[in-house]
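Notes for the one structure printed next.
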Ligand SMILES: Cc1ncc(COP(=O)(O)O)c(C=O)c1O
């Protein structure tokens, strides 16, 4: 099939519902009722529900502070802008350098560019989808002031090694944990290793509030910066009012700012979902094991696919199921993805692929030297994801998934 035909087909709205979609029902009746209660109360802007969710979230993860925002992208934006804020003692400056993996989401990267950092990319290990700590440490120079590590699809690098190195060199570490809520490295939750940890509650993530996110940190100074940046640069603290007695205490702006606040509707839904996180992790892990088993026990199985290797010391928390085609099928990828979609098996690429291959990366001249990132390229070329549901997968679904995937030999 030509690429043109593929593009036409894949962008068309689907006539039939997927037989196996990326997410099952997403929000339960109970989740929705919690949102509706807030709506009916007439007070829908950020308030008590957000505060309760923030408190439960930070307690669960063992971090000192948590701040809810309207998306994971906003969490990354806040973490990055807080890292160069004049109120922060150890901050980066314009033209300092940042390290980030090429297999990232756009809004993992763009805040670093928007803050005036020079970007150095690093490749990922295609077997784990994550960076190798040793490779990353080798790439650090005297100019590196920020490292943004994405914990990809419920797994991570040796994040402790990276964190320890950053602490020694006073490099700011932002952990984009938007895809890995509930995963652990060496029994410690991912997201808690960095100066900042960010989370997304978008549809199909570990938990969802429709749109929503969280940023966590352990430092009061950072928390206060994040809090004022989230909301117009505002401070409504008593101590600020006392410091500026000539100003109306309701309207004191102590910093630059955005408006990245969530609504209490999102917080109520997210909070209700959060109570089921552990159950979701267990069911998704079991469903992943069952899909792999069903494929490997299928009479047509000859090693057509491979699966991500869980790195040492990582306890995963999956949101979707990444699959790699055997390299002999590399030319069939487009045809195969289109086949899966047409049969009702919903797919997505693995994050954005290698971000240096995206036009926006060229627009902002991020890889002028045209460096190669073969690990991320391989992930882009051979990888894709299907859903991992929060309800136990049925025998029929397993049969449908393995029969459909294993039709690859006949294409
Ligand atoms: C690694 C990563 N970072 C950030 C985001 C952005 O999160 P959101 O969609 O909530 O803005 C995503 C979204 O999927 C992501 O995968």
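Computed from the coordinates by the stated procedures, all read-outs in this text should not be read as laboratory data. Note that the structure is a prediction, hence the values are computed from the model and not measured. Neighbour counts run over all protein chains shown; Cβ positions are idealised from the backbone, glycine included.
Listed values, structure above:
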{"read-out": "Angstrom value of the Kirkwood radius, inverse mean 1/r, which spans all Cα pairs in the chain", "value": "22.4 Å"}
{"read-out": "Ellipticity estimate at 222 nm from DSSP helix runs (n ≥ 4, -39,500 (n - 2.57)) divided over the chain, nearest 500", "value": "-11500 deg cm²/dmol"}
{"read-out": "Degrees, to the nearest 10: 29-41 long Cα axis against longest axis of the chain", "value": "30 degrees"}
{"read-out": "Zone residues, segment 48-89, relative to residue 236, backbone N less than 13 Å from point 7 Å out along Cα-to-Cβ", "value": "48-51"}
{"read-out": "Most mobile listed residue (364, 121, 165) in the chain, GNM with C-alpha springs under 10 Å", "value": "364"}
{"read-out": "Shape call, segment 180-265: gyration tensor on alpha carbons, a/c limit 1.5", "value": "oblate"}
{"read-out": "Angstrom value of the Kirkwood radius, inverse mean 1/r, which spans all Cα pairs in segment 31-125", "value": "16.0 Å"}
{"read-out": "Whole-Å semi-axes of the ellipsoid equivalent to segment 29-274 (Cα gyration tensor, √5λ, descending)", "value": "30, 24, 14"}
{"read-out": "Per-pair calculated FRET efficiency, R0 = 45 Å: residue 246 and residue 360 via Cβ, rounded to 0.05", "value": "0.50"}
{"read-out": "The chain: most fluctuating residue of 339, 189, 201 per GNM, C-alpha cutoff 10 Å", "value": "339"}
{"read-out": "P(r) histogram, all alpha-carbon pairs of segment 288-411 included - 5 Å bins from 0, percent", "value": "2, 9, 18, 21, 19, 13, 9, 5, 3, 1, 0"}
{"read-out": "Among 396, 151, 357, residue whose mean-square fluctuation peaks in a GNM of the chain (springs only between Cα atoms under 10 Å)", "value": "396"}
{"read-out": "Degrees separating the helix 159-169 axis from the principal Cα axis of the chain, which is the longest one", "value": "40 degrees"}
{"read-out": "Helix 395-405 vs. the chain, principal-axis angle (Cα, 0 to 90°, nearest 10)", "value": "80 degrees"}
{"read-out": "Segment 365-411 shape via C-alpha gyration tensor axes, a/c threshold 1.5", "value": "oblate"}
{"read-out": "Rel. contact order, % - alpha carbon contacts under 8 angstrom, at least six apart, segment 29-274", "value": "28 percent"}
{"read-out": "Added length on full extension, which subtracts the Cα-Cα distance from 0.36 nm per residue, residue 301 to residue 114", "value": "62.6 nm"}
{"read-out": "Segment residue 134-residue 18, extension gain: residue separation times 0.36 nm, minus the distance between their alpha carbons", "value": "37.6 nm"}
